[in-house]
Structure formats: structure tokens, C-alpha cells
1. Using only the Cα atoms of segment 19-160, what are the Rg and Dmax in Å?
2. With n ≥ 4 as the cut-off for DSSP H runs, can you work out [θ] at 222 nm for the chain, using -39500 (n - 2.57) per run divided by the number of residues, rounded to the nearest 500?
3. Once you've got the GNM for the chain with C-alpha springs shorter than 10 Å, pick whichever of LEU26, LEU135, LEU252 has the biggest mean-square fluctuation.
4. Say a paramagnetic label sat at a point 7 Å from the Cα of ALA247, along Cα to Cβ; which residues of segment 269-283 have their backbone N under 15 Å from it?
5. Once you put a point 7 Å from the Cα of LYS171 and another 7 Å from the Cα of GLU27, both along the Cβ direction, what distance in nm separates them?
6. Listed here are the pairs LYS44/LYS108; LYS44/LYS218; LYS117/LYS147; LYS108/LYS171; which of them are more than 23 Å apart at the Cα?
7. Helix 296-306 against the longest principal axis of the chain: what's the angle in degrees, Cα atoms only, rounded to the nearest 10?
8. Pick from ILE48, ILE187, ILE272 the residue whose mean-square fluctuation is largest in a GNM of the chain, springs joining Cα atoms under 10 Å.
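Nothing in this text is a laboratory measurement; each read-out follows from the coordinates by a stated rule. Given the structure is predicted, the values throughout are model-derived calculations rather than measurements. As a convention, Cβ positions derive from the backbone with ideal geometry for all residues, glycine included, and neighbour counts pool all protein chains shown.
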Amino acid sequence: MPSIISVANLSKTYASGFKALDNINLEINRGEIFALLGPNGAGKTTLISIICGIANPSRGQVSVDGHDIITSYRAARSRIGLVPQELHTDAFESVWATVSFSRGLFGKPKNPAHIEKVLKDLSLWDKKDAKIVTLSGGMKRRVMIAKALSHEPQILFLDEPTAGVDVELRKGMWEVVRTLRASGVTIILTTHYIEEAEEMADRIGVINKGEIVLVEDKATLMQKLGKKRLKLHLQNRIDAIPAALAAYNLELSDEGCELTYDYDTNGERTGITSLLSDLRNSGIRFSDLDTVKSSLEDIFVSLVRAS
């Protein structure tokens, strides 16, 4: 799949000497949903700001749909819609006026039919004459997306799009993103909600301390790094794990009534058969067991710790 954004050897050092980005190399494919994950201060917003032309790189190149962000700034920027984390808009303008004005900022001719379609797609049509100040937080977030889509960009950056939005509205926002992707828009998403990336993304990128730790197809990532967890509910409480079971790295919880064993699903042997045999030989009986596959959050935490 051809890339629509290409980042090569990108670094950013501020005047204070702080290095926000260190030799970033990244390709984002046309038409995908790409989730960029990382803890606070990892460099997510700095990277987005440089790609969108808001901040200047210290070193490296970025091209957007074949246009260099420095030498062909207008062409590159016209292809991008940005929804920032903060809600910045004129509180006393109507929804229609706000979105229409954003289109004009990019030198696009008036197109009421397009503005109408965007507002309808975002379930804002019945609020088109409402002043921004009267809208809920979730609606204001949708207006920000409408503004970003007003000039018909090929790429949409969503920086923490569901921050401060309740669970029901968050799921509604997920549907909006899927609809946009289906229409051919490339989505780059940063989020603190790991389930958001797990739910929607095609690929995952993890950034930490200004460096790209990993970029991987979501399904492949979870297959390669995901582990399964076996939980054993014991018939009788135990005070400690017997020394004979030390090799399994078991975890004792639930006041001595539950044992947890992590194993690699891709290994030649899971070790479960020998574990159950050794439990029996140690006089430990269990009443029930269940398995849970590790989530993207588990994988993310382990990657950040490792870096």
C-alpha cells in the first residue's frame, strides 16, 4: 500500500536544549487508521505539529502526498485536516458559520452542499444554526472535526479526539472515524484510551522519549507480543507458592485463593500440562480455571517500560 505521509530522519530540539524528537522515521499508508500511542511528553503532539506545518523541524524531511512540508507548504497543508486536543473555536458563532469560515481559510470556494454533508455525517445538521457556546462537549468535539473536514482533506489528524467525552459519545465518535476511513480519508489518531486504538486502528505506532519504539500491524503486534494468562481458582487457600513451582513464575492473589500463570501462545510448548502435573504433585487442587489474552494496554505498558 502506498504511503501518504513519509517522515525521514526527523528530529526536533527546542531552544532550551530539550530534544523532543530523535531521528524519527515513519511511513503512514494511504487510507489506513494509524494510532500513535505514547505517554505524556513522549513527542506525539510535536510530531503532529511538524507534519501539519505548525512547528519547524530541526533536521529531517517530511512529505505529505508527495509534497515537502517546507518547500511545498501550501500544497502539503491543504491535504491535512487537524483536530487539536484543545477546543478552540468562536463560542458565539453558529455551527454553520464556523465550519464555512474554516473552508474559506484554505482558499476553497463556497460549497454549501459539502458543508451540509459534513454536518449530516457528524450528526450536527439539526444544530447548524446553534451557537457553539450552547453545545455539549461531545458536540463541540464534532464541530472541531467538521472544521477540519471543511476543505476536503485527504488526511485527518485526531489528537485525543475523545478526551473528556463520555463512553457513549466516545463510541459514537468511533463510528464517525470508521465512516471517514470508508470514504477514503487517512486517519492518524493519538489517544490515551488504549481501547480506542485496539478498537479502530489498522496499525499501531508507539513513541517514547522522542523515539519510535515500534510500528506494527495491530493484529500482528498482538499475535507477536500478546500472551495468554491462565487463572487457577484454588479449592483451598495457600499462604505461599511452593518452591517446586518457582520456575513457572506464578502469581498468588485473591488472598491465596488464585494462581496466575502467563504463557506465550507462540511458543512450542505452553508449559500448562507440566504446570498442572506439578500442582497436583504439590498437593494443590483447583476448582476452576480460565484463560485471558493480554490486551493492547498490557503490550503498550511493557513496550514503554522496556524503552
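1. In order Rg, Dmax, the Cα atoms of segment 19-160 give 16.1, 47 Å.
2. Helix-only estimate at 222 nm: -9500 deg cm²/dmol.
3. Judging by the Gaussian network model, the answer is LEU252.
4. What the label zone holds, given the 15 Å backbone N cut-off, is 269-282.
5. Computed distance between label sites LYS171 and GLU27 equals 3.7 nm.
6. Where the Cα-Cα span goes over 23 Å, the pairs concerned are LYS44/LYS108; LYS108/LYS171.
7. Between the helix axis and the principal axis of the chain, the angle is about 80 degrees.
8. With Cα springs under 10 Å in the chain, the top fluctuation among ILE48, ILE187, ILE272 is at ILE272.
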